[in-house]
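The block underneath contains the structure these notes are about, expressed in structure tokens.
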Amino acid sequence: MRFRHTLLYHSLILLCLSADLMAEDGYRLWLRYDKVSDPVMLEQYRSRITHLVLEDPNAPWPLKEELRTGLSALLDKPVPITSNAAQSGCLVVGTPADSPLIAALLEQQELEPLPDEGFCIRSMKKDGRSLIIVAANEPAGVLYGAFHLLRLMQTQQPIENLSILQRPRIGRRLMDHWDNLDGTIERGYAGRSIWNWPDLPGKVNPRIKDYARANASIGVNGIVLNNVNSRAEILTQEYLAKTAAVADVLRPWGIKVYLSIKWTSPMELDKLSTADPLDAAVRTWWQTKAKEIYTLIPDFGGFLVKAYSEGQPGPQQYGRTHADGANMLAEALKPYGGIVMWRAFVYDLSIDADRAKCAYLEFTPLDGKFAANAFVQVKNGPIDFQPREPFNPLFGAMPQTPLMMELQITQEYTGQAMHLVYLAPQWKEVLDSDTYAKGPGTTVARIIDGSAEGHCISGIAGVSGIGDDRNWTGHHFSQANWYAFGRLAWDPSLSSEQIADEWIRMTWSNDPRVVQTIGSMMAGSWEACVDYMTPLGLHHLMAEGHHYGPQPDYVHSARHDWSSTYYHKADRAGIGFDRSQTGSGAVLQYKPPLQQLWGSVETCPPELLLWFHHVPWDHRLQNGQTVWQELQNRYSRGAAYVDGMRNEWLALKNDIDAERFEHVKNRLDEQYNNAVQWRNVCPAYFGQFAQD
Ligand code: GCV
């Protein structure tokens, strides 16, 4: 009897365990490694990869484990690890320093020189053996190469004639966490912070390792752990020890930690009488702090700073500039190779009544005044992560300063974790925009990768929103934005379609019907969101504070620029913010061809019309519709697109696991309700003024 109970107990445990392992809750992200479903490809992979060769037994463990488990699961058969490539079917992975074979191949020029930070993947015949080589100069490059090979197999691409050489186009590829020390996340919609600050450093959340894996798989190499609305405590001994514990977990995955600092830390933590960046005691305080940090975390990345913005203190309080502040920190970090990321998210309306102009006016006079290890970090657009904005005019306007771009992965203004909005097309639109800074072809991507102006440091950051929800991002489809951020940071020339295709195959299925259906849902989802929220260049109509849903009539009692009415300026005469030459003049912050193009009502593309112009309601667009008609059409078109996505999703019921299917279905229903709300509320509000 007792034996039967024990047996039952163990069977139950096994059942629970396997149910947990099999739970389709999205935890595995795009690193699912399910068995290759196409029998032809499976056969090809099984014959091409029979052994994993790691010549150095001390090769970094994450790589070994990731490849062994990944390959064995994909091939549905164990792939043993050996220390030499004695037979055909060997996958050889390493650097010239840890692999004599790779060193010899380089020596004999059978492999071309390896790119810094990048990797090479080659299939080759060597002394009668068929081999696949994944080689890089540094362990992080090997990781990227290994993940690339796994991606090829997850997406069922041939691996017979591999000849791939890749390096990242942008040097610093960061996830910025707006995680607070109390565990909440500003603009996070997926639960609480995964850092679990109170448990650190003694107990490290095991999830952090999986977070590192996922980031490494898309080439992310840095994480800012805490909110830019920072607290001085982050620099106490206690929190630095916690930070060091997280850094230890991230390091093997090629990821450095960075911290957001509060400008007045020397005053708050050590009672200095000032935080003036030119004060000797303040400078010494930061230098001592930098030394303390690097003693604990030798590869610490650097500081992110939000200064003199939205209530955060800054050097301006002491009559100093952004450059004075950034340079003081840069000097403290320089001996250790650290960098400063100084944010340009400032909008002091005493500088200009048009918020969109402020950052440009404050920062361009400082071009050339920043230290060599300081970035200015610039949001993609001049306002604040709106569904659509023109690119930020700072791109191309500070040639002597490396500009780091900041994108928002978390969907603060694009439906949060309730709406399926694939943001890669938004980011592509910005990256591919021509600034004309050095003649035609000076795209934003070329400004931030450093190539246009010859900078040797370059960077891009995504505001993460990752939380402790099982699926990390709240909405399963928000994972695609995290994935796309990493892929575009690695190579801004990738298309949003290609990135979506990879992600769908790895996350959902390789079945062509599923890939096609989900791909088409995602492809138009951003334009649809623009349509049902802020069409024709409208912006910032979201509900006060939380920014979910419409509130076009919102008026902030103290600050115009926190009111929806400040942005749309609807009245009986028309609608839109006049930023033309005769209006606020913001269009003049762009280079000449854009000044003319966007500055004239006749040539401004409809997508930006109400961003740059206040036009009468009966103004006719190229398509013959009046602005008022087109506005209503677009609101309806956006909501109809969401309805279409609901139907497309329903048709996949038998192709998707029940758990994720239901989750997405429910969110699409909520998205549709919310889109209908936008479609009803905004035209009803604007209708009071519109005269057809
Ligand atoms: C972290 C917007 C957001 C704020 C955010 C700020 C910023 O204003 O609503 O939550 O603060 O941007 O980027 O600093």
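Before moving on, here are some points about what is shown:
- Selection of the range 184-200 for residues being part of a loop (DSSP other than H, G, I, E, B), more than 16 Å from the ligand (Cβ to nearest atom) and open to solvent by less than 20 Å² (accessible area, probe 1.4 Å) yields Ile194, Trp195, Leu200.
- Breaking point among (1) of a type in the set (A, V, I, L, M, F, W, C); (2) in a strand (DSSP E or B); (3) over 19 Å from Ala140 (Cβ atoms), for Val228: (2)
- Extreme residue, farthest from Pro387 (Cα to Cα), among residues of the range 436-454 that are within 22 Å of the chain's Cα centre (by Cα) and surrounded by 18 or more Cβ atoms within 10 Å (Cβ to Cβ): Gly450
- Selection status of Leu225, over 17 Å from the mean Cα position of the chain (by Cα), within 20 Å of Thr295 (Cβ to Cβ) and touching a residue at least 40 places away in the same chain (Cβ under 8 Å): no
- When Ile164 is tested against (1) part of a loop (DSSP other than H, G, I, E, B); (2) surrounded by fewer than 18 Cβ atoms within 10 Å (Cβ to Cβ); (3) in contact with a strand residue (DSSP E or B) (Cβ under 7 Å, 6 or more places away or on another chain), exactly one condition is not met: (1).
- Some residue of the range 118-138 being closer than 29 Å to Tyr308 by Cα and more than 16 Å from the ligand (Cβ to nearest atom): no
- Whichever residue in the range 504-552 is within 22 Å of the chain's Cα centre (by Cα), among the β-branched types (Val, Ile, Thr) and within 27 Å of Ala214 (Cβ to Cβ) and, among such residues, is surrounded by the most Cβ atoms within 10 Å (Cβ to Cβ): Ile518
- Which numbered condition Thr603 fails, given (1) in contact with a Phe, Trp or Tyr (Cβ under 7 Å, 6 or more places away or on another chain); (2) of a type outside the set (A, V, I, L, M, F, W, C); (3) free of Cβ contacts under 8 Å to residues at least 24 places away in the same chain: (1)
- Subset tally (residues that are of a type in the set (A, V, I, L, M, F, W, C) and open to solvent by 30 Å² or more (accessible area, probe 1.4 Å)) for the range 102-123: 3
- One residue stands out among those in the range 511-549 that are among the charged types (D, E, K, R) and in a loop (DSSP other than H, G, I, E, B): the one that is nearest to the ligand (Cβ to nearest atom), which is Glu544.
- If you go through the range 332-383 and keep only what is among the charged types (D, E, K, R), buried (at least 20 other Cβ atoms within 10 Å of the Cβ), within 22 Å of Leu588 (Cα to Cα) and within 16 Å of the ligand (Cβ to nearest atom), you end up with Arg355, Glu362, Lys379.
- Considering residues of the range 294-321 that are hydrophobic (A, V, I, L, M, F, W, C) and within 16 Å of the ligand (Cβ to nearest atom) only, the residue farthest from Ile223 (Cα to Cα): Ala307
- Put simply, of Leu14, Leu71 the only residue that is outside any strand (DSSP E or B), modelled with pLDDT of 95 or more and surrounded by 10 or more Cβ atoms within 10 Å (Cβ to Cβ) is Leu71.
- The set of residues in the range 56-68 that are touching a strand residue (DSSP E or B) at 6+ places or on another chain (Cβ under 8 Å), outside any loop (DSSP other than H, G, I, E, B), within 19 Å of Asp248 (Cβ to Cβ) and not charged (D, E, K, R) contains only Leu63.
- Scan of the range 180-198 for residues that are closer than 15 Å to Glu412 by Cβ and either charged (D, E, K, R) or modelled with pLDDT under 95 (or both), ordered by number: Glu186, Arg187
- Search result, residues across the range 157-183 that are among the aliphatic types (A, V, I, L, M) and either within 16 Å of the ligand (Cβ to nearest atom) or closer than 30 Å to Leu42 by Cβ (or both): Ile159, Leu162, Ile164, Leu165, Leu174, Met175, Leu181
- One residue from Lys203, Lys291 being away from the ligand (no atom under 16 Å from the Cβ), loosely packed, with under 15 Cβ neighbours inside 10 Å and not in a helix (DSSP H, G or I): Lys203
The values are calculated or read from the model by the stated rules, or taken from the named source; none is laboratory data. These numbers were taken from a predicted model, which means no experiment stands behind them. Note that each Cβ is placed from the backbone with ideal geometry, even for glycine, and that neighbours are counted across all protein chains shown. Quick note on the areas: whole protein, heavy atoms, side chains included, nothing else; ligands and nucleic acids left out. Shrake-Rupley method; radii C 1.70, N 1.55, O 1.52, S 1.80 Å.
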